[in-house]
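Here is the structure we will look at, set down as structure tokens.
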Amino acid sequence: MSYVKPKFHHPSLKPNKVGYNKADYEGVISTLCAGCGHDSISGAIVQACYEISLEPHRLAKLSGIGCSSKTPTYFLSNSHGFNSVHGRMPSITTGANMANRDLIYLGVSGDGDTASIGMGQFVHAIRRNLNMVYIVMNNGCYGLTKGQDSATADFGSISKAGESNPYQGIDLAGLALELNATFVGRSFSGDKNQLVPMIKAAMAHPGFAFLDVISPCVTFNNNKTSTRSYSHVRAHIESTSIFDFVPEQDEIRVDYPEGKSAEVELFDGSKIHLSKLAPDWNPTDRFSAVNRLHEAKSRGQILTGLYYINTESKDLHEMMNTVDTPLNTLQQKDLCPGNSKLQSINKTFR
Amino acid sequence: MDEEIVVNDLVVRFANVNGTGSASANEMFAKSIFRMGIPVSPKNIFPSNIQGLPTWYEVRISGKGYLGRRAGIDLLVGINPQSLARDVKSVKPGGYFVYDSSKKLYDEYIREDVNYIGIPMIALAMEHYPNPRLQQLFKNIIYVGAVATLLNVDLDVIKEVIAEQFEKKPKLIPPNYNALQLGVDYVKEHYTYPLPIRVEKMDAVGDAIIVDGNTACALGAIYAGATVMAWYPITPSTSIAKAFETYCKKLRIDEETGKKKYAFVQAEDELAAIGMVIGATWNGARAFTATSGPGVSLMNEFIGLSYFAEIPVVLINVERGGPSTGMPTRTQQADIISSAYASHGDTKHVLVFPSTPAECFDLTVVAFDLADRLQTTVMLISDLDLGMNNHMSAPFAWDENRKYDLGKVLSAEDLDNLKTEFGRYNDVDGDAIPYRTIPGTHPTKGSFFTRGTSHDEFAKYSELGEVYLRNVDRLAAKWETAKSLVPKPEVYQEKNTSEYGMLFFGTTAYAAIEAMDLLKENGIDIDSIRVRSFPFHKDVEDFIAAHAKIIVVEQNRDAQFRSLLINELNLDPKRFLSVLNYDGTPITAHTIHAKINQVLNLVPVN
């Protein structure tokens, strides 16, 4: 059963530029387990949308099946949502995006939904550089069916029952980089300061923006021996950068230590400010991102932050050269060629 | 030898090797007959292969206008050594076997009751053309010239067809004419022509067109305003996608910007293809996919979502021989049950059954209107024969007064004027069809959460039994509404006069219409009906009620359509007889005629 949250907001909180309060971006009360990492990610999505002053109806939220895919009811109640079938969110989003290129598409998936049943659709959405934000709430296990290892579970990670995972884990961010995804990053549900600006930047990116968010499962995969537990992640986290996203219109500037800061300008003039923590890494160089990821992994570290961004990203509509007007607004007069054209077509069949 | 002259009633078959360019030569032959005003029905019998396997092209020429397949080959052009033995055997007694006499025909291929006509096709080609690839291509044109002369086909008409074929490569026209003439001259010098079986110009074609059903479906989708097509290659549906793209490039380019007013996405598989369609229609565009039986099997989960979450889908199923990979290049009507009840749980889907290219066009447009009106999956059930073979058909027509029925979609203004809270699954009008909203319509009103889980009138998740029942019972009521919206059947008599009724659908119509005449000639009076939709229109129920016995003619082993009728209309199975054909070739009138005699215990027919 879904419960509607009271639309209470603190009087000191101001509405954003488009006149919405933060509460306008919330959803119904979550039915996930208390302490679930996914709820923090939902909170980050609410925060990001509020801060960039997005009108909620300009976003569509879509998901597959699983705990993660339930979350779209827990944020953005004023947006249309679509909880589809297991592993197939990318195809639904592709169709939706084809119909209306003007909305922001926020896809939410899990590690089972993406790395197993939905692997095919995930990689093909990357291949098409579909303009969407694709968030994986990655906890390394299947929650709703009571804790089986997922395909992203690390090799050797020991489950609650004491069994060691004999299979190699699939690194979705590494895979996305390999497939030339145009925006790739990893974050942690417990690091809102990093996650919120990353979501904002992903929304501004005109192409496939992939965020693999480590999100511990408090019920089935938070034992100390699991590499997805809060304690393990906190102990092994390492960031590429201190990160901030600055929308084009904003005048906020963040001061970064001299010599370390980098700036990435997005297509709409928005900027990502980065304070690089690794000198040999450049966010617009895919090879350095791949190297950086492998290097961190070899040290047993979980690398978070933005890995890579392609600033010349062209999305599927650009590749296909579709009209600027959303296809779903074209009318019969724009679409139906009429009888006289049909009569000349008939002539070619005689 | 029978010297009786037979005009405009013959079957000509070409036996070729696939990948050798024979198809376009054979098509030019068929088109020339059509241009002479004679009804013609070509069928391409091809292998699931790119190059090197046997392929046949069969042309039925019928002055009476019968367009179904007819057994009995009058003249066979046999130029494939692999299939020669079988090809010689397939000629009907007294028929003609045209072969390449560049090499001697072995004695084992000689039949006493067949007339042999040797044309040194490859020898002539080698003599006149130096390039081996051209020799192969012109060999085809040489036999077209020879056969045309033997059958009295108007040479000028063939030349006209050749000229049109090579309109964009005019350099190729003279050598083709030359090859044609080589065949013509050889026959004139060596044989008596025309043969007793021959064609003569007539005026039995009128304003008809000759086109395949897949092209017709693609044009229908364009005229219906489809802007998104998502698909995965599968025979025999692929040419729908190809035609959609080809015609969109002509009809759907924005004149000012050169940009496309359509999105054409080749998906990674059929699951993704229908997922994209659902995403697009959910977001307010008209979208469709085209596939065949194996693709529909893969799409099942999403079809259930479309049914339960009430999202329009237009799916064109061009049936092929099943089960499994089956006979991918042969025809059947064997996806009736799997389409009607696709997906798990209690589901039912609207089906429309065209039988001609003109109807493929019309019913594709109807399918879009029905899908939007009923907010569910509508499948157009075609088959390989209809989809991939050229059929003589009424021309396509578009009524300029026709308006798309986009169904119950609320605009921002509608939402502002609502007096009660918007409920996505609320039956406001009593027809069990709720209103929907498109994402992005209104800043604060009309958003809802689409889900495949059980939901209440306001799209909220619920596991309560009574909520579930309200929803699925409304869907059952919506099915009743569908019955009043689906296309009517076609009946072939003004008044029922027989205790027997023949019922059929789709491409079976060609043979069934001819069978009616055969039955009449034999003094058997039978009423006929062609069903065009599922759920069954009330007229179908009335027709069945008016007859003691119903003979269901269909092209599958298990009499699926018969089962559907008995099950859905709750009728006594004993009243239903079957005439079945499922060897992968289109059913013939002779089969129907013979089997009807058999099932009714009437006189045996040879």
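The values are calculated or read from the model by the stated rules, or taken from the named source; none is laboratory data. Fair warning: this is a prediction, and the values are worked out from it, not measured in the lab. Here the Cβ is made from the backbone with ideal geometry for all residues, glycine too, and neighbour counts use every protein chain on show.
Does A:Tyr74 satisfy the condition of being more than 12 Å from every other protein chain (Cβ to nearest Cβ) and aromatic (Phe, Trp, Tyr)?
The answer is no for A:Tyr74.
Entry remark, region A:35-73: residues being within 22 Å of B:His442 (Cβ to Cβ) and hydroxyl-bearing (Ser, Thr, Tyr) number 3 in total.
Being in contact with a Lys or Arg (Cβ under 9 Å, 6 or more places away or on another chain), away from every other protein chain (no Cβ under 14 Å) and surrounded by 16 or more Cβ atoms within 10 Å (Cβ to Cβ) narrows it down to one of B:Asp429, B:Asp383, B:Asp414, B:Asp372, so name that one. Before the answer, list the steps.
On the way: B:Asp429 fails: surrounded by 16 or more Cβ atoms within 10 Å (Cβ to Cβ); B:Asp414 fails: in contact with a Lys or Arg (Cβ under 9 Å, 6 or more places away or on another chain); B:Asp372 fails: away from every other protein chain (no Cβ under 14 Å).
Being in contact with a Lys or Arg (Cβ under 9 Å, 6 or more places away or on another chain), away from every other protein chain (no Cβ under 14 Å) and surrounded by 16 or more Cβ atoms within 10 Å (Cβ to Cβ) holds for just one of B:Asp429, B:Asp383, B:Asp414, B:Asp372, which is B:Asp383.
Residue-level check: of (1) polar (S, T, N, Q); (2) over 29 Å from B:Leu469 (Cβ atoms); (3) surrounded by fewer than 24 Cβ atoms within 10 Å (Cβ to Cβ); (4) within 12 Å of chain A (Cβ to nearest Cβ), B:Ser297 misses just (4).
Can you tell me which condition B:Thr235 does not meet? The list is (1) surrounded by fewer than 20 Cβ atoms within 10 Å (Cβ to Cβ); (2) within 8 Å of chain A (Cβ to nearest Cβ); (3) in a loop (DSSP other than H, G, I, E, B); (4) of a type outside the set (D, E, K, R), and all the others hold. Only one criterion is unmet by B:Thr235, namely (2). For region A:148-162, residues that are small (Gly, Ala, Ser) and over 20 Å from A:Leu172 (Cα atoms) total 3.
Helices (runs of 4 or more DSSP H) fully within region A:19-135 that include at least 3 residues being at pLDDT 95 or above and surrounded by fewer than 24 Cβ atoms within 10 Å (Cβ to Cβ): A:37-51, A:119-127. Scan region B:240-274 for residues that are more than 9 Å from chain A (Cβ to nearest Cβ), under 30 Å from A:Phe122 (Cβ atoms) and assigned to a helix (DSSP H, G or I) and the total you get is 7.
In region B:277-285, is there at least one residue being under 16 Å from the mean Cα position of the chain (by Cα) and assigned to a loop (DSSP other than H, G, I, E, B)? Within region B:277-285, not a single residue is under 16 Å from the mean Cα position of the chain (by Cα) and assigned to a loop (DSSP other than H, G, I, E, B). Per the listing B:Gly345, B:Gly295, B:Gly326, the residue uniquely more than 21 Å from B:Ala218 (Cβ to Cβ) and in contact (Cβ under 8 Å) with a residue 40 or more places away in the chain is B:Gly345.
Filter region B:183-210 for residues that are among the hydroxyl-bearing types (Ser, Thr, Tyr) and assigned to a helix (DSSP H, G or I) and give the result.
Quick first cut of region B:183-210, residues among the hydroxyl-bearing types (Ser, Thr, Tyr) only: B:186, B:191-193.
The answer is B:Tyr186, and nothing else.
The set of residues from region B:126-135 being in contact (Cβ under 8 Å) with a residue 40 or more places away in the chain and surrounded by 18 or more Cβ atoms within 10 Å (Cβ to Cβ) comprises just one member, B:Tyr129. Residue-level check: of (1) in contact (Cβ under 8 Å) with a residue 12 or more places away in the chain; (2) crowded, with 17+ Cβ neighbours inside 10 Å, B:Val409 misses just (2).
Going by the structure shown, is B:Glu268 of a type outside the set (A, V, I, L, M, F, W, C) and in contact with a Gly (Cβ under 7 Å, 6 or more places away or on another chain)?
Criteria met by B:Glu268.
Name the pairs: first residue in region B:561-575 and surrounded by 13 or more Cβ atoms within 10 Å (Cβ to Cβ), second residue of a type in the set (Lys, Arg), Cβ to Cβ under 8 Å, at least 6 apart or on different chains? Close Cβ pairs (under 8 Å, with a partner that is of a type in the set (Lys, Arg)) amount to B:Arg575/B:Lys549. For beta carbons closer than 9 Å, sequence separation of 6+ or different chains, a first residue in region A:57-71 that is more than 10 Å from chain B (Cβ to nearest Cβ) and a second that is of a type in the set (Asp, Glu) and surrounded by fewer than 24 Cβ atoms within 10 Å (Cβ to Cβ), the qualifying pairs are A:Thr71/A:Asp39.
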